[in-house]
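Colleague: So that we are looking at the same thing, I have put the structure below in structure tokens.
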Amino acid sequence: MLPLLADHRAISCWLVGSEHAQKLENTVVGRRTGSPLASRRAVAVGVSLAALAVPAAVVAGSSASAADAGGGVLSVVAGTGAYGTPTAGLATRSDLNDPIGVAVDAAGDVYVADTGNNRVEKVTPAGVLTIIAGNGTAGPPTVGYALDSALNHPAGLALDGAGNLYIDDIANNRVEKLTPAGVLSVVAGTGVSGPATPGPATGSELNSPSGVAVASDGTLYIADTSNLQIEKVTPAGVLSVVAGNGTRGPANPGRATSSFDLKKSKQLSL
């Protein structure tokens, strides 16, 4: 799978492929070693850091201004480079607003957390963009048809094996699930910022979650950024803290929940 970069300051999403890989729209933007990226929060998705052979600065929260993944090229997958609202149709002709998170399914569809627009979009391998969640207003989510629901700064995205998309809704302090049928539900968080509480995930507070990952068994992992912890949610909806003691600092060897300090974790990968 080819890695993707969400370049939120350039207001675009980039496909990073080998020199001979097919690019959406067949547009080669430039060699990765020579093409500047405006974002300092570029996100590498779908491959391990080791497999990419890229510097750690390419991962979310970095200070990288360019990507170097060993001889490939960059192409724009979505966004014009101008701030604005998304338009269904050709993805490279649609405006975006601070896209931060991306995910890719097995069919090659790209999902974009269009953070500043409070929406999530899908881009097909043919380069066609559609809006799949969010009505464009900042507010609490409404269970039901996803396009009727408000979101509030969606960021991290992850897909499970059944095609469900999980959304870290930062300012709502929640994680939502979007089914392939377009139905939105809340899987973690009460909507109030606060410390995580083991037990039913929808009864636990979160604090600006911004990273999410899903294991093959359906277990959900949440980067609870401002709580400085990582939580696990079982398929039965039970939340537990798996890393971080809630204080800021360097990681220390030992039990993860008692001696592992975190510094605002923002991305997860399995």
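Colleague: What number of residues within the stretch 74-96 are farther than 20 Å from L165 by Cα, in a loop (DSSP other than H, G, I, E, B) and touching a helix residue (DSSP H, G or I) at 6+ places or on another chain (Cβ under 8 Å)? If you could, list the steps in order and put the result at the bottom.
Modeller: The initial filter retains those residues of the stretch 74-96 that are farther than 20 Å from L165 by Cα, namely 74-76, 79-85, 87, 89-90, 92-95.
Pick out the ones that are also in a loop (DSSP other than H, G, I, E, B) and you get 79-82, 84-85, 87, 94-95.
Still in the list and also touching a helix residue (DSSP H, G or I) at 6+ places or on another chain (Cβ under 8 Å): 79-80, 85, 87.
Of the residues in the stretch 74-96, 4 are farther than 20 Å from L165 by Cα, in a loop (DSSP other than H, G, I, E, B) and touching a helix residue (DSSP H, G or I) at 6+ places or on another chain (Cβ under 8 Å).
Colleague: Condition first: crowded, with 24+ Cβ neighbours inside 10 Å, among the aliphatic types (A, V, I, L, M), within 17 Å of the chain's Cα centre (by Cα) and at pLDDT below 95. Can you find one or more residues in the stretch 139-157 that meet it?
Modeller: Looking through the stretch 139-157, at least one residue is crowded, with 24+ Cβ neighbours inside 10 Å, among the aliphatic types (A, V, I, L, M), within 17 Å of the chain's Cα centre (by Cα) and at pLDDT below 95.
Colleague: Then there's this: Filter the stretch 223-242 for residues that are open to solvent by less than 40 Å² (accessible area, probe 1.4 Å) and under 18 Å from I100 (Cα atoms); which is nearest to the chain's Cα centre (by Cα)?
Modeller: Ranking the candidates gives A223 first.
Colleague: Moving on. Which of the residues spanning the stretch 197-222 are part of a loop (DSSP other than H, G, I, E, B) and open to solvent by 20 Å² or more (accessible area, probe 1.4 Å)?
Modeller: Matches in the stretch 197-222: T197, P198, E205, N207, S208, A215, S216, D217, G218.
Colleague: Which number in (1) in contact with an Asp or Glu (Cβ under 9 Å, 6 or more places away or on another chain); (2) at pLDDT below 95 marks the one condition that L239 misses?
Modeller: Of (1) in contact with an Asp or Glu (Cβ under 9 Å, 6 or more places away or on another chain); (2) at pLDDT below 95, only one is false for L239: (2).
Colleague: If I go through the stretch 89-102 residue by residue, how many of them are under 22 Å from A158 (Cα atoms) and surrounded by fewer than 24 Cβ atoms within 10 Å (Cβ to Cβ)?
Modeller: The total comes to 2.
Colleague: Being part of a strand (DSSP E or B) and at pLDDT 95 or above is the filter here, so list the residues in the stretch 99-123 that pass it.
Modeller: R119, V120, E121, K122
The values are calculated or read from the model by the stated rules, or taken from the named source; none is laboratory data. Fair warning: this is a prediction, and the values are worked out from it, not measured in the lab. With ideal geometry, Cβ positions are generated from the backbone for all residues, glycine too; neighbour counts draw on all protein chains shown. Side chains included, ligands, DNA and RNA excluded: accessible areas come from the protein's heavy atoms. Shrake-Rupley method; radii C 1.70, N 1.55, O 1.52, S 1.80 Å.
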